[in-house]
């Protein structure tokens, strides 16, 4: 037996259609507002790019541009500086030049240490950290405590020979 679909009175059909139309209008309005927000954001970004001084060398080197963007996003991470000497987690000096590492004799030669706030600590034989190593000062050719007009700030220590005590703790 075929089931007969009841006829819907005209008023009920009209009411149902009105709800659907209101729903559709709200959907369209919401989508228009979202699209307007996207267009405004794109216009703002376009104006910002137009007025920016763009570093074309970075654009020519996508690897560098990507590295800079990643570094900027991860700037909140506590990282160590490659040229810094640390004692107790604080920078006590900086190294200028390439360190010469001789792991067989457990020695490292630092060409120059400058801006050494902890020079007295270094001279007293305290243990300090540089990159991955724990070090102890053994000798220096020259110690300059006076301002000489050099680009690097005193106190400066030249040809600093250090004993490698081991690698620093990762924690």
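Please determine, by comparing only the residues of region 141-171 that are part of a strand (DSSP E or B) and modelled with pLDDT under 85, which one is nearest to the chain's Cα centre (by Cα).
Across region 141-171, the extreme among qualifying residues is 156.
Just a yes or no: is a residue in region 78-93 touching a residue at least 40 places away in the same chain (Cβ under 8 Å) and either more than 31 Å from the chain's Cα centre (by Cα) or closer than 30 Å to residue 56 by Cα (or both)?
Yes, that holds for at least one residue.
Any chance region 104-117 includes a residue that's under 30 Å from residue 166 (Cβ atoms) and modelled with pLDDT under 80?
Within region 104-117, one or more residues are under 30 Å from residue 166 (Cβ atoms) and modelled with pLDDT under 80.
Residue by residue through region 103-116, note down the ones that are free of Cβ contacts under 8 Å to residues at least 60 places away in the same chain and within 14 Å of residue 134 (Cα to Cα).
106, 107, 108, 109, 110
The values are calculated or read from the model by the stated rules, or taken from the named source; none is laboratory data. None of the values given here were measured: they were computed from a predicted structure. Here Cβ is always computed from backbone atoms with ideal geometry, including for glycine, and neighbour counts include all displayed protein chains.
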